[in-house]
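What follows is a single structure, written as structure tokens, with notes after it.
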Amino acid sequence: MTFKNSKTKKTTSKKYRCVVKAEKKPVEEAYKINSATATGVKTITVELNKAVADATKITKVDVKKGTAARESKFTVDGSKIVIAMDAKLTAGAYSVTVEGLEATALTADVTVEKDETLTSFEIADYITAKSATTSGVGYIKYAALNQYGEKMMSSEPTVTCSFGQAKIDKAATATAEGRIVVEKIPAMLAIIGTKG
């Protein structure tokens, strides 16, 4: 650049060098496992610190109890990796390994407090008459639930009923509700369509 003084007519030249710096890209946060917990009798859910942008980057997910690997499949839902196993989880310590998201595999420990345990029964809030013409016999559906709120097989529970004689007609399983049959329902209570 050249500058000229209008009074003295003296000129001054100055050279400048222009340097353009590349814009710094923000450093992307690395994937980390925030938590890994048993969420079902055959399910472990891994919660990551951020959503998985490309699930195909996950090359392998392993679950081991000690040195024994468990057969499993996984699905990715945002920041969650849900691992479904073929066999039920039993009490003890498990390790989970997720490979492919980072150069080093992500690992976490999971403790299962107890084997599958019956914790409650879910009972329908109404009784269904055996048929339109047989109102003295009815059925009530029920399910046996484990500590995760999942249906499970249960040995036949003892049932009683204040308005008839009740017994298990069909035991509950992990895939189907059981059925309680109530017999000798008094005629004054046996009104078709009545709920209670």
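The values are calculated or read from the model by the stated rules, or taken from the named source; none is laboratory data. It should be emphasised that the depicted structure is a prediction, and the values quoted were computed from it without experimental measurement. Note: ideal-geometry Cβ built from the backbone for every residue, glycine included; neighbour counts use all protein chains shown. Side chains included, ligands, DNA and RNA excluded: accessible areas come from the protein's heavy atoms. Shrake-Rupley method; radii C 1.70, N 1.55, O 1.52, S 1.80 Å.
Note on log10 I(q)/I(0) by the Debye sum over Cα atoms at q = 0.15, 0.17 Å⁻¹: of the candidates [x] -0.93, -1.05; [y] -1.13, -1.35; [z] -0.96, -1.16, the value calculated from this structure sits at [x]. In a DSSP loop and with at most 11 other Cβ atoms within 10 Å, the GluC sites (Glu not before Pro) in the stretch 47-101 are Glu71. Dipole check for the chain: with +1 at the C-beta of Lys and Arg, -1 at the C-beta of Asp and Glu, and the Cα centre as origin, the magnitude is about 2400 Debye. Between Asp109 and Thr97, the modelled labels are 1.7 nm apart [label points 7 Å from Cα along Cα→Cβ]. A simple packing score, the average count of other Cβ atoms within 10 Å per residue, orders the peptides 172-179, 6-13 as 172-179, 6-13, with the highest score first. Rounded to 0.05, the FRET efficiency of the Lys64 and Lys14 pair, given R0 = 45 Å and the Cβ-Cβ distance, is 0.05.
Rounded, prolate or oblate for the stretch 105-196? Axes are the square roots of the Cα gyration tensor eigenvalues, ordered a ≥ b ≥ c, and the cut-off for rounded is a/c under 1.5. Prolate, since a/c reaches 1.5 and a/b exceeds b/c.
Check each of the chymotrypsin sites (Phe, Trp or Tyr not before Pro) in the stretch 73-132 and keep only those in coil by DSSP with at most 15 other C-beta atoms within 10 angstrom; list them in order.
Details: sites: Phe74, Tyr94, Phe121, Tyr126; in loops: Tyr126.
Within the stretch 73-132, the qualifying chymotrypsin sites (Phe, Trp or Tyr not before Pro) (loop, at most 15 other Cβ atoms within 10 Å) are Tyr126.
Close lysine pairs were tallied over the stretch 115-196: pairs 8 or more places apart or on different chains with Cα atoms under 16 Å apart number 11. With protein chains left intact and a 1.4 Å probe, residues in the chain average 70 Å² of accessible area per residue. For the stretch 44-88 versus the stretch 93-108, the inter-centroid distance based on Cα atoms is 9 Å.
For the pair Lys167 and Asp86, a Förster radius of 30 Å applied to the C-beta separation gives a FRET efficiency near 0.30, rounded to the nearest 0.05.
Normalising by the residue count of the chain, find the relative contact order in percent from Cα pairs under 8 Å and 6+ residues apart. Display every interim value, and only then the final one.
Values: 390 pairs, mean separation 27.2, N = 196.
So the answer I get is 14 percent.
For the chain, give the percent of accessible area contributed by carbon and sulfur heavy atoms, probe 1.4 Å, rounded to a whole number. Walk me through the numbers on the way to the answer.
Values: 7100 of 13630 Å².
Carbon and sulfur atoms account for 52 percent of the accessible area of the chain.
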